[in-house]
1. Could you tell me which of 45, 16, 110 has its Cα farthest along the dipole of the chain towards the positive end, charges placed at Cβ (Lys, Arg +1; Asp, Glu -1), taken about the Cα centre?
2. Where does each of 346, 184, 96, 55 land when they are ranked from fewest to most other beta-carbon atoms within 10 angstrom?
3. Given the -39500 (n - 2.57) contribution per DSSP H run of 4+ residues, what per-residue ellipticity at 222 nm results for the chain, rounded to the nearest 500 deg cm²/dmol?
4. Once you put a point 7 Å from the Cα of residue 244 and another 7 Å from the Cα of residue 46, both along the Cβ direction, what distance in nm separates them?
5. Compute the length gained on full extension between residue 186 and residue 302: take 0.36 nm times their separation in residues and subtract their Cα-Cα distance, giving the result in nm to one decimal.
6. By how many nm would the segment from residue 384 to residue 327 lengthen if fully extended, with 0.36 nm per residue of separation less the alpha-carbon distance?
7. If the only charges are +1 at each Lys and Arg Cβ and -1 at each Asp and Glu Cβ, what is the size of the charge dipole of the range 200-393 around the Cα centre, to the nearest 20 debye?
8. Quick one: putting +1 on the C-beta of Lys and Arg, -1 on the C-beta of Asp and Glu, what dipole do you get for the chain around its Cα centre, in Debye to the nearest 20?
Amino acid sequence: MTSASSAGFASRRVLAIICCLVMFAYAVYFGAIGVLLPAIGAAFHVGPAITGRLFPADLGGFVVGVLTSGSLSDRWGRKSVLMLGLFTAAVGMCLFALSSSLTAALVAACLIGVGNGAMETVACAFASDLFPEKRAILLNLVQVAFGVGASLGPSAAYWLLGNHVGWRAVYYGIAAGTMLLFAFLAVQRCPKSDVSEAIDTGALKEIVRRREFQMLCLAQALYVGAETGYFSWMPTYFQRTLPNGARWAGLCVTLFWMAITVGRLTTGALIGKIPLMRLTMLLALGGIVGSAITAIAPSTAVALPGIVITGLAFSGIFGLVLAEAADLYPLQVGTVFGGVVAAGGFGGAVIPWLIGIAGDSSAGWRTALCSIPAIMACLALLCWGMNARVARGAGGLGD
């Protein structure tokens, strides 16, 4: 290997590490939200029903970031758009920390979402381009980095709040880490990618009419909504409902994401041995059991095992739905991924918001969280129907 090619390999390796760190940083923020929500609500003198509006704002911005980052990446390059995502998210976090009203916070949350959507989309595409021969390994490492960040974020936020560090300072800290990644990426040399990630609107219009695609979008919306609603409101549920639950309010989310990270490794070993939609259905059934145990648990001793079961069951669903989309539409992967991920963002915006409204009402948090197993039951039925259609030979465009 020549010195030039060795340098190129070293540069790609550093860029791959940066992609993992980008996902780690995003996950730290994503995982900490649930722990920070009560403090944010108290600062703005509002309850969960109002604080829950942050989800549509954040995830709405996330969808915009996902849908626009592909075409911008084609025009400006992966590095430039990833840097733009990092900068946008960091600015949004600083503005959120500076917000004196909920309205200003909602605008800032939308900006954070735009940056995070671009960060996740481009970091994954960037990582997969750097070493095409090791694409699956790299994408798995990116997801593992996300799992580690999402595991550490809640416990770190809980510890900081417990040591009288305000939630605004937590946002500033995450923003500072994000800007460090921005600066580190700025000085790196980047290979040009010939792979287009832009969404083909013409192809998307045709694909949207297909029942299989509609079912995949609905499946992802249900899953992302259930996952986000589950872990985001879990600290509030522990604090307000379970005896001595306050001491576990931060650690319960960490436990959830640790289970997801372990579950992803296990699910990966099952891919290829069980049809994708059948495996997704089985995981959804496990999600019903775990989330139901959590919702009706009389104590933390019962709720915590339910969280582990839920995390293990939830672990592979997002990736399996995307994998099924790639199998059905192999010639429009970028376009289909954009549509399915956007649908997931919509579910992640609406369902947690509605759970917050229900929890803050006379129905209470147990009833509100019982919506999670109900949603997973709908997902299991949807996957059963999708598996039947695939078994009958339903296919996508260009197969």
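1. Checking the options against the dipole of the chain, the answer is 16.
2. Details: 346 19, 184 14, 96 24, 55 27.
Sorted ascending by nearby Cβ count, the order is 184, 346, 96, 55.
3. Working: 16 runs with 326 residues, N = 399.
Helices in the chain give a 222 nm mean residue ellipticity of -28000 deg cm²/dmol.
4. Between residue 244 and residue 46, the simple spin-label model gives 3.5 nm.
5. Working: separation 116, 0.36 × 116 = 41.76 nm, distance 4.79 nm.
Length difference between fully extended and current span is 37.0 nm.
6. In short, 18.8 nm is gained.
7. On the way: 12 positive and 7 negative charges, 52 e Å.
Using only the charged Cβ atoms, the result is roughly 240 debye.
8. Working: 23 positive and 15 negative charges, 52 e Å.
Computed charge dipole of the chain: roughly 260 debye.
Values quoted throughout were computed directly from the atomic coordinates according to the rules given, and no laboratory measurement underlies them. Predicted, not measured: the structure shown is a model, and the values here were computed from it. Virtual Cβ from ideal backbone geometry, glycine too; neighbours counted across all protein chains shown.
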